[in-house]
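The values are calculated or read from the model by the stated rules, or taken from the named source; none is laboratory data. Quantities reported herein were computed from a predicted structural model and do not represent experimental measurements. Please note: Cβ atoms are built from the backbone with ideal geometry, for glycine as well, and neighbour counts cover all protein chains shown.
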Amino acid sequence: MKAVAEELGGEPTEGERNVKVLRMASSMRHICDNNPEWLMEIIPTYGLPAEEWRKTIQNACKDGLKYGTTKVLEAAIKRVMSDELRATSGHAALDSSLVACSSSLVACPQMPQKLPPLIELLTRNVPEAMKAAVAHAVFPPLGAHLGGVKFRYIDNVEREATFMCVLLAKMSSGKSAVNKPIELIMKDIVERDALNRLREQEWKASLSTKGANKEKPKRPEGLCIQMLVPDMTNAAFVQRLADAQGKFLYTQMDELELLNNLKTSARGNQVSQIIRLAFDQGLYGQERVGAASVTAMVPIRWNWNASATIERGRQFFRTALTDGTLSRLNFCTIPPQRMGEIPVYGTYNAEYEAELRPYIDRLNAASGLVECAKAEALAHTLLKESAEVVMLTDDEVYEMLSHRANVIAYLKAMTLYIAHGYKWSKTIEEFVRWSKEYDLWCKMHFYGKRMQEEVEKEIIRTTPGRANMLEMLPERFTRQQLEEVRVRLGKERDAAHQLSKWKKRGYVVVDQVDTDLYIKSEKYKRRIDN
């Protein structure tokens, strides 16, 4: 309340008190359940006559909450939360945590100016606007080099370098900027795959030369092919997983919809199920009786990159908003560019590849369980900071997303730790902190509102028995508020008949001063108490 008053220019003087109280109430009602009684507890009279002050606050609440929050409230929330987080944690970097709670309040978190050397190298040749997207998109191919490497997360569960990155941006925004860095990271794997693809092709050719009664040659061992095209059958996917022997498969998709080409069931696609299993290396496979059919049950180790326009990305995950799919993904974006601007890219040459090679070699050489006390300490800190944000905002969607965002950030920290020769640095810490908040900002920005709607539906669906709508309303309520409750419960909006019945039964009475307000009666309260 104090912050709102400050945003409006401080304590009102005589002549402006009525207007300022109205503006205060109009802003604060968005976080006070549009409840005049609640507002009267926190908004001073500033010398206004009691009846005029009360009427002003009630007028502010008449319209219901059908519009978004005011700019005054947005600015006040940002100020209060920023001060509170600094006080509770002593960490100035927590300012960026606020952006994920309500992505409409502030701009996207800005990438640190000083980056870990590997990230600086991979983002060096792309325009400034694309650097954040590239900095996220490079982790799936980097993680693909860490087959057999495990990290013990702070919950004592062993994790692997699983990264699934989705780039959402407007059409013609430069989404292809991520392609060249990914291509160079995957170059050594593609070259190894080419040899194994040749061996596999030779074996397939030999099968056609044998007669029906001749013994067929066995499939060669060690046919590990990591770089996959998205258009594959379920049997091919399972076979590649089995052949990989603990290494990661990797797929790059220019369009997110290509994920649907992975046919995982005769009844339809189950891409969200694959994503959930892949994040935790869950077992996946198929059982067939045919001698030539693929029968296997293996952990899914599959990293991938995909791109989409913003609306297509929203539509693609519209049925998987609250099943844990989104929280397992890493999101990034590219801000819209000014008309007439042409992005200018740097040169990728042999010298650049030579500079990148040592980092890739370190990832390839890693094995077994890798631990880093500094990365674990950072994971603890980030988790605590997220908990503080949730405490201050009571944002259920942010809470749902933040837990696995913390895991993803930890896996990035460990990947960078290995790539930099098992050395920790302040730049890694700052980058990982930003990476988590940026990821959460993207998720909240693109999916937060729809996820909140789904969460509210779940709450209504899981409420036992018939819903008491009068209990769902504040002590004093308007017809508009009742209509909103009816809509949430799937009923017709018109509340006139219901209000008439409540008045007839004596459950509510009309406010004598403001006839647009209804008050729960003493008769109703006694009925509920009994």
Would you check if there is a residue in region 489-499 being closer than 29 Å to Trp53 by Cβ, under 43 Å from the mean Cα position of the chain (by Cα) and loosely packed, with under 13 Cβ neighbours inside 10 Å? no
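Name the residues in region 248-268 that are modelled with pLDDT under 75 and surrounded by 15 or more Cβ atoms within 10 Å (Cβ to Cβ), would you? Steps first, please.
Taking region 248-268 as the starting set, the residues that turn out to be modelled with pLDDT under 75 are 262-268.
Once the filter is applied, which keeps residues that are modelled with pLDDT under 75 and surrounded by 15 or more Cβ atoms within 10 Å (Cβ to Cβ), region 248-268 yields Leu262, Lys263, Thr264.
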Cβ pairs under 7 Å, 6+ apart or interchain, first in region 234-263 and under 20 Å from Arg199 (Cβ atoms), second among the acidic types (Asp, Glu) and outside any loop (DSSP other than H, G, I, E, B), ordered by first then second residue, are none
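Here are some residues: Glu183, Glu221, Glu215, Glu202. Which one is at pLDDT 95 or above and out of contact with any helix residue (DSSP H, G or I) (no Cβ under 7 Å at 6 or more places or on another chain)?
Exactly one residue qualifies, and that residue is Glu183.
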Flag if Glu341 is surrounded by 19 or more Cβ atoms within 10 Å (Cβ to Cβ) and among the acidic types (Asp, Glu): no
Just a yes or no: is a residue in region 107-117 at pLDDT below 85 and over 30 Å from Arg357 (Cα atoms)? yes
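Would you call Gly9 modelled with pLDDT of 80 or more, in contact with a helix residue (DSSP H, G or I) (Cβ under 9 Å, 6 or more places away or on another chain) and at positive phi?
Spelling it out, Gly9 is indeed modelled with pLDDT of 80 or more, in contact with a helix residue (DSSP H, G or I) (Cβ under 9 Å, 6 or more places away or on another chain) and at positive phi.
Could you say which residue among Tyr352, Tyr348, Tyr410 is under 22 Å from Ala132 (Cα atoms), modelled with pLDDT of 90 or more, in a loop (DSSP other than H, G, I, E, B) and not polar (S, T, N, Q)? Outline the logic, then answer.
Details: Tyr352 fails: in a loop (DSSP other than H, G, I, E, B); Tyr410 fails: in a loop (DSSP other than H, G, I, E, B).
After ruling out the rest, the residue left standing is Tyr348.
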Whether any residue in region 157-164 is touching a Lys or Arg at 6+ places or on another chain (Cβ under 7 Å) and of a type in the set (Asp, Glu) is what I want to check. yes
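Against the definition (under 24 Å from Phe331 (Cα atoms), part of a helix (DSSP H, G or I), of a type in the set (Gly, Ala, Ser) and modelled with pLDDT under 95), how does Ala387 come out, yes or no? Step through it out loud before you land on a result.
On the way: under 24 Å from Phe331 (Cα atoms): yes; part of a helix (DSSP H, G or I): yes; of a type in the set (Gly, Ala, Ser): yes; modelled with pLDDT under 95: yes.
Taking the combined requirement at face value, the residue satisfies it.
Quickly run through region 64-85 and pick out the residues that are part of a loop (DSSP other than H, G, I, E, B) and either at pLDDT 65 or above or not small (Gly, Ala, Ser) (or both).
Filtering region 64-85 for residues part of a loop (DSSP other than H, G, I, E, B) gives 64-70.
Matches in region 64-85: Gly64, Leu65, Lys66, Tyr67, Thr69, Thr70.
Please verify whether region 366-374 includes one or more residues that are at pLDDT 90 or above, within 30 Å of Gln273 (Cα to Cα) and of a type in the set (Ser, Thr, Tyr).
Going through region 366-374, the residues at pLDDT 90 or above turn out to be 366-374.
From the residues that got through so far, the ones that are within 30 Å of Gln273 (Cα to Cα) too are 366-371.
Still in the running and of a type in the set (Ser, Thr, Tyr): 367.
Within region 366-374 (the criterion being at pLDDT 90 or above, within 30 Å of Gln273 (Cα to Cα) and of a type in the set (Ser, Thr, Tyr)), the answer is yes, since at least one residue qualifies.
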For region 141-164, indicate whether the set of residues that are under 11 Å from Thr333 (Cα atoms) and crowded, with 24+ Cβ neighbours inside 10 Å is non-empty. no
Here is a check on your reading of the model: is Ala278 at pLDDT below 90 and out of contact with any helix residue (DSSP H, G or I) (no Cβ under 6 Å at 6 or more places or on another chain)? no
Could you grab the pairs with beta carbons closer than 7 Å, sequence gap of 6+ or different chains, first residue in region 333-345 and in a loop (DSSP other than H, G, I, E, B) and aromatic (Phe, Trp, Tyr), second one surrounded by 10 or more Cβ atoms within 10 Å (Cβ to Cβ) and at pLDDT 80 or above? Tyr345/Asn125; Tyr345/Val126
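Of all residues being under 29 Å from the mean Cα position of the chain (by Cα) and of a type in the set (Ser, Thr, Tyr) in region 346-390, which is nearest to Leu118 (Cα to Cα)? Just the residue, please.
At the first step, the residues of region 346-390 found to be under 29 Å from the mean Cα position of the chain (by Cα) are 359-360, 363, 369-390.
Now drop any that are not of a type in the set (Ser, Thr, Tyr), which leaves 359, 381, 386.
Values: Tyr359: 7, Thr381: 24, Ser386: 27 Å.
Across region 346-390, the extreme among qualifying residues is Tyr359.
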